[in-house]
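Below is one structure, written out as structure tokens; the observations come after it.
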Amino acid sequence: MERIMAVKYTSDLQLAERYGVHRATIWRWSRDGVLPAPVTISPGCTRWRVDEIEKRDAERDAAGNLTAA
């Protein structure tokens with residue numbers, strides 16, 4: 001039987017807390033390509049995929065860049 005994994009999402013507030021920055025910084029980082037593009041779930045509800053954020057963080061850690069930006 002095939003296992004189906006649910007996609008998990010996170011908000012700008014949660015990401016801001018994760019990186020210790022203001023939520024406006026999260027949007028700027030997304031615009032500038034530092035973070036993956038967000039996904040519009042519904043009008044007024046935009047989120048980031050947790051798996052994409054974790055992949056981005058792992059790539060930055062592997063490159064020796066431990067800062068968020």
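The values are calculated or read from the model by the stated rules, or taken from the named source; none is laboratory data. Quick caveat: nothing in here was measured; it's all calculated off a predicted structure. Heads up, the Cβs are rebuilt from the backbone with ideal geometry, glycines too, and the neighbour counts pull from every protein chain shown. Accessible surface areas use protein heavy atoms only, side chains included; no ligands, DNA or RNA. Shrake-Rupley method; radii C 1.70, N 1.55, O 1.52, S 1.80 Å.
Below is a table of values for the structure above.
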| quantity | calculated |
| --- | --- |
| Which listed residue, of L13, L35, is among the aliphatic types (A, V, I, L, M), open to solvent by 50 Å² or more (accessible area, probe 1.4 Å) and in contact with a helix residue (DSSP H, G or I) (Cβ under 9 Å, 6 or more places away or on another chain) | L13 |
| In the range 38-65, the residues that are touching a Ser or Thr at 6+ places or on another chain (Cβ under 7 Å) and either touching a residue at least 40 places away in the same chain (Cβ under 8 Å) or open to solvent by 70 Å² or more (accessible area, probe 1.4 Å) (or both) | T40, R47, V50, I53 |
| Residue in the range 51-62 that is part of a loop (DSSP other than H, G, I, E, B) and among the small types (G, A, S) present | no |
